[in-house]
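The structure appears below as structure tokens.
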Amino acid sequence: MPHHSSTPAVKRRRILFSLVNPQAREVSVAGEFNGWNPATHPMKSNGNGNWQKIMMLPPGQYEYKFLVDGQWRNDPSNPDRTPNCYGTYNDILKVKKKQA
């Protein structure tokens with residue numbers, strides 16, 4: 001008899017991270033969703049300085065930042081920020097549940 005868990009599968013949402021920085025040589029996104037490890041999610045440039053990364057994330061609130069050529073940078077397109085323990089700010093991403 002197959003075992004069915006009573007908790008429904010968490011629906012992940014497709015999240016697009018985007019940063020325009022034509023001068024950058026290397027950009028990645030790091031945050032609570034990947035243990036703040038920038039090596040986990042490098043971003044790709046489309047050749048016009050628009051760096052992007054698509055992730056599938058479960059609903060919740062996550063703090064994150066971009067790492068641009070070794071320097072932490074905030075997301076200029078996200079006004080939602082919170083102070084961190086380093087005296088700077090982290091960006092806040094809210095992933096909403098899908099409407100049934």
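The values are calculated or read from the model by the stated rules, or taken from the named source; none is laboratory data. Predicted, not measured: the structure shown is a model, and the values here were computed from it. FYI the Cβ positions are ideal-geometry reconstructions off the backbone, even for glycines, and counts take in every protein chain you see.
Residues in the range 50-59: is at least one closer than 29 Å to K97 by Cβ, in contact with an Asp or Glu (Cβ under 8 Å, 6 or more places away or on another chain) and not charged (D, E, K, R)? Checking the range 50-59: not a single residue is closer than 29 Å to K97 by Cβ, in contact with an Asp or Glu (Cβ under 8 Å, 6 or more places away or on another chain) and not charged (D, E, K, R). A single entry from N37, N21, N46, N50 fulfils the requirement of being modelled with pLDDT under 95 and in contact with a strand residue (DSSP E or B) (Cβ under 9 Å, 6 or more places away or on another chain): N46. What residue, among those in the range 46-100 that are among the hydroxyl-bearing types (S, T, Y), in contact with a Phe, Trp or Tyr (Cβ under 9 Å, 6 or more places away or on another chain) and farther than 19 Å from A24 by Cα, is surrounded by the fewest Cβ atoms within 10 Å (Cβ to Cβ)? Only one residue tops the list, namely Y86. Among the residues making up the range 43-78, those that are charged (D, E, K, R) and either in contact with a Gly (Cβ under 8 Å, 6 or more places away or on another chain) or in a loop (DSSP other than H, G, I, E, B) (or both) are E63, K65, D69, D75.
Only a single item in (1) in contact (Cβ under 8 Å) with a residue 12 or more places away in the chain; (2) in a loop (DSSP other than H, G, I, E, B) is not met by N37, and it is number (1).
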